[in-house]
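Before any comments, here is the structure.
The values are calculated or read from the model by the stated rules, or taken from the named source; none is laboratory data. Note that this is a predicted model, so its numbers are computed, not measured. Note that we place each Cβ from the backbone using ideal geometry, even for glycine, and neighbour counts take in every protein chain shown.
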Amino acid sequence: MKRLLSFIITVLVLAAVMAVSTPGLLDRVRLGLDLKGGFEILYQAQPSEQGQELTRASLLQTAASLEKRANVLGTSEPEVTTEGTDRIRLKIAGVTDEAEVRKKMKEPAVLTFRSAAPGDPEGTYSKIELVGSDFVENAATIGRDNLNQIEISIKVKDKQKFAEITKRLLGQKLAIFLDETPLSDPIVNAVLTDGTASISGNYTIESARELADTINLGALPLKLTEKYSQSVGATLGKQSLDQTVRAGLIGSVFILIFMIGMYRIPGLIASFALILHTWLLILVFVLADFPLTLPGIAAFILGIGMAVDANIITNERIREEMRSGKSIMSSVKAGSKSSFRTVMDSNITTIIVAAVMFGFGTGSVKGFALVLIVEILLSIFTNLYFARWLLNMLVKAGKLSKPKQFGVKESEISAL
């Protein structure tokens, strides 16, 4: 009685948790660009200056700068990964103006403060006083001056250094450049000790915000060249998602019907384990913040197929033991034991192949392999252990005592 009660409570609690949490989990799943729409670019990195070395550190720094730029531009959860020794892959989903984002991602955006060196012609500023690394990251903000004109404020890291520069250039012009484009050339009227500089002019709110965002982008440590790009429209992405989900649901229904019709009660338990398996995978996607992509869905479907195979092998072995004349309890033990090694061997070899794909693959291949590895690990838990645990509880509780409950006819047993 206790085993039956444990079985019922376990199934009901898990079913309730899955039913309540699934809608919220599905809303939190992050879609990849092939399902949401967006673009993917593979950059090749090169030194931006003569004598500069392309190192692992500079590659990672450039990747971090790209991610920071994407966040500043307000894009949806960008994915930036390094590949090999000189490549960076960028994926951005949910982009409305792809051309503008791509332009912003690559432009140098080097901010400098310059003064006129002795001998410079009028209006020429060749002496660099401050460079991009002297400014506080993401510190450019929009405000208004005393005349209610729009201005962009920038903070420097070293207040004392800025105070010394403004003291030395008091009464002279300190020009502000973005790359080689002059933004303004104000006269230094006072020694600035608070570490804040201002850029003012005939700016609108839109143009000022665009300039502040560009300044906040900062400079890229390495020069980037596009080697490959791919764009997916939002409409095409949604269509792919709808078609994939529809096909998956139809296929899942047929699988559940087959399992229950073929194996009766063990098939029903296996179907419940498959539903739990799917729920756990969605939970992993949400908690680990994995993006769901078409290759990921392909790995998901392949993993479901392998989980179904594991249940079929186990149930067939149990039925073979029954046909040989063994009792229900002995058949379940012997069938589960003989199928365990076969199923584990299959799972382990698939994990090894997926690990090789993950180690040597790139882009979507890595995503496919990672999802497949996670899915197989979940399958081992839900199908090799959890489903068998539920089945053993029912058998020991005496609720599975007839061969027909396993889909075995009495005539098949007597014929052997």
Inset, instruction - Spot the failing condition for Val29; the list is (1) at pLDDT 80 or above; (2) within 27 Å of Val110 (Cα to Cα), and only one is missed. - result: (2)
Inset, instruction - Could you please find all residues in region 142-163 being buried (at least 16 other Cβ atoms within 10 Å of the Cβ) and either of a type outside the set (A, V, I, L, M) or in a helix (DSSP H, G or I) (or both)? - result: Glu151, Ser153, Lys155, Phe162, Ala163
Legend entry - Qualifying position, being loosely packed, with under 15 Cβ neighbours inside 10 Å and assigned by TED's automatic domain parsing to the domain that holds Ile250, among Lys404, Lys366: Lys404
Inset, instruction - Output the number of residues of region 263-294 satisfying the condition of being touching a Gly at 6+ places or on another chain (Cβ under 6 Å) and either assigned by TED's automatic domain parsing to the domain that holds Glu79 or surrounded by fewer than 20 Cβ atoms within 10 Å (Cβ to Cβ) (or both). - result: 2
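Any residue in region 52-70 that is among the basic types (Lys, Arg), at pLDDT 80 or above and touching a Ser or Thr at 6+ places or on another chain (Cβ under 8 Å)? Break it down stepwise before answering.
Residues of region 52-70 among the basic types (Lys, Arg): 56, 68-69.
Then keep just the ones that are at pLDDT 80 or above; that gives 56.
Then keep just the ones that are touching a Ser or Thr at 6+ places or on another chain (Cβ under 8 Å); that gives 56.
Within region 52-70, one or more residues are among the basic types (Lys, Arg), at pLDDT 80 or above and touching a Ser or Thr at 6+ places or on another chain (Cβ under 8 Å).
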Inset, instruction - Output the number of residues of region 301-333 satisfying the condition of being of a type outside the set (Val, Ile, Thr), within 15 Å of Ser379 (Cβ to Cβ) and crowded, with 23+ Cβ neighbours inside 10 Å. - result: 4
